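Structure, as structure tokens:
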């Protein structure tokens with residue numbers, strides 16, 4: 001039942017509040033993906049994505065939205081991890097990190 005919270009208006013309100021908080025830091029200099037969790041949930045799988053927004057003043061705002069994962073991808077991931085497929089078994093999404101500069105900002 002926890003996955004039905006996407007239909008909850010309070011969840012949507014909290015997500016909008018988080019986005020406003022991040023945008024409220026001023027003009028961002030860089031957006032950085034700091035990690036992705038393993039897919040969780042059986043029917044409506046989601047993954048928590050950790051994003052960091054770095055402002056021009058150097059302040060870092062961090063938030064962790066839960067994003068839906070396509071059903072076949074989540075189940076393929078689980079089966080490959082269970083069977084020990086070499087590429088999938090060694091990949092740790094929590095260690096995935098990269099940053100992107102904001103275009104058009106000098």
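The values are calculated or read from the model by the stated rules, or taken from the named source; none is laboratory data. Note that the coordinates shown come from a computational prediction; the quantities given were computed from them, not determined experimentally. Don't worry about glycine lacking a Cβ; one is built from the backbone with ideal geometry, like all the others, and counts go over all protein chains shown.
When you look at residue 50, is it under 19 Å from residue 16 (Cα atoms), in contact (Cβ under 8 Å) with a residue 12 or more places away in the chain and in contact with a helix residue (DSSP H, G or I) (Cβ under 8 Å, 6 or more places away or on another chain), yes or no? No.
Filtered by the rule that a residue be part of a loop (DSSP other than H, G, I, E, B) and either at pLDDT 80 or above or loosely packed, with under 12 Cβ neighbours inside 10 Å (or both), the stretch 1-26 gives 1, 8, 24, 26.
Of all residues in the stretch 82-106, those that are assigned to a loop (DSSP other than H, G, I, E, B) and touching a strand residue (DSSP E or B) at 6+ places or on another chain (Cβ under 8 Å) total 4.
Listed here are the residues, each with its yes/no results for (1) assigned to a helix (DSSP H, G or I); (2) surrounded by 12 or more Cβ atoms within 10 Å (Cβ to Cβ).
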position	(1), (2)
30	no, yes
34	no, yes
42	no, no
50	no, yes
58	no, no
74	yes, yes
80	yes, yes
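Residues in the stretch 82-100 that are surrounded by 11 or more Cβ atoms within 10 Å (Cβ to Cβ), within 17 Å of residue 51 (Cβ to Cβ) and modelled with pLDDT of 75 or more: 97, 99. If the condition is being free of Cβ contacts under 8 Å to residues at least 60 places away in the same chain and over 20 Å from residue 31 (Cα atoms), then the stretch 53-80 contributes 69, 70, 71, 72, 73, 74, 75, 76, 77, 78, 79, 80.
Being in contact with a helix residue (DSSP H, G or I) (Cβ under 9 Å, 6 or more places away or on another chain) and at pLDDT 80 or above is a description that applies to residue 63.
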